[in-house]
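No value in this document is a laboratory result; all are computed from the given coordinates. Here the structure is a predicted model, which means the values were calculated and not measured. Glycine also receives a Cβ, built like all others from the backbone with ideal geometry; neighbour counts cover every protein chain displayed.
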Amino acid sequence: MEKRKSRPPISIFLFIACGIWLIGLGLYFIFLRPPLLPEDLRYMETSIGDIQSAIPGLERWTNHVFTVMGGFMMGSGLLTILAAMNASDMREKRTWIFLMLAGLFTVGMMTLTNFQLNSDFKWLLLIPALLWVIGLVFPFFIRSSDG
């Protein structure tokens, strides 16, 4: 009798997708993110000219900050992919707790902050957070043999 090869659970693909998203976001922060977005200026109720005259080196400094942040995002994405690929069971308590905390402190905190700031990107940033939550709860809605 031929043994049926089981396919990876959907939650693994969701976490891999979130990891890839984190890597992409990190690349954006390192190479493309401008020092200040229009929404940043709106939130601070100021202009770029006012900031440049009050804090002349701010744009250079934020470039370094965003490079570091981007690197951490990429590292977090790589570790998320590794955790998803190596998780023996997404319902295992320690796997679930670590992925839940990782999501809370990465995509969750970023989404919450962008809603607090009324960011132009808040709804777009909600998508990975929702995928993360689905990845966490999905394994509990399927039979043990499926994933």
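Calculated from DSSP H runs of 4 or more alone, at -39500 (n - 2.57) each and per residue, what is the 222 nm mean residue ellipticity of the chain, nearest 500?
Computed mean residue ellipticity for the chain: -22000 deg cm²/dmol.
What is the diffusion coefficient of segment 61-136 in µm²/s, taking the Kirkwood radius over Cα pairs and the Stokes-Einstein relation at 4 °C with a viscosity of 1.567 mPa s?
So the translational diffusion coefficient is about 96 µm²/s.
Hey, with R₀ at 30 Å, roughly what FRET efficiency would residue 137 and residue 78 work out to, going by the Cβ-Cβ distance, to 0.05?
Computed FRET efficiency for residue 137 and residue 78 comes out at 0.80.
Mind jotting down the distance between the C-alpha centroids of segment 32-52 and segment 76-147, whole Å?
For segment 76-147 versus segment 32-52, the Cα centre distance is 31 Å.
Among 10, 127, rank each residue by its count of other Cβ atoms within 10 Å, from fewest to most, as a rough exposure measure.
127, 10
Within segment 27-102, list the GluC sites (Glu not before Pro) lying in a DSSP loop whose Cβ has at most 15 other Cβ atoms in a 10 Å radius.
45, 92
What base-10 log of the normalised intensity I(q)/I(0) is obtained for the chain from the Debye formula, alpha carbons as equal point scatterers, at q = 0.08, 0.11 Å⁻¹?
-0.30, -0.51
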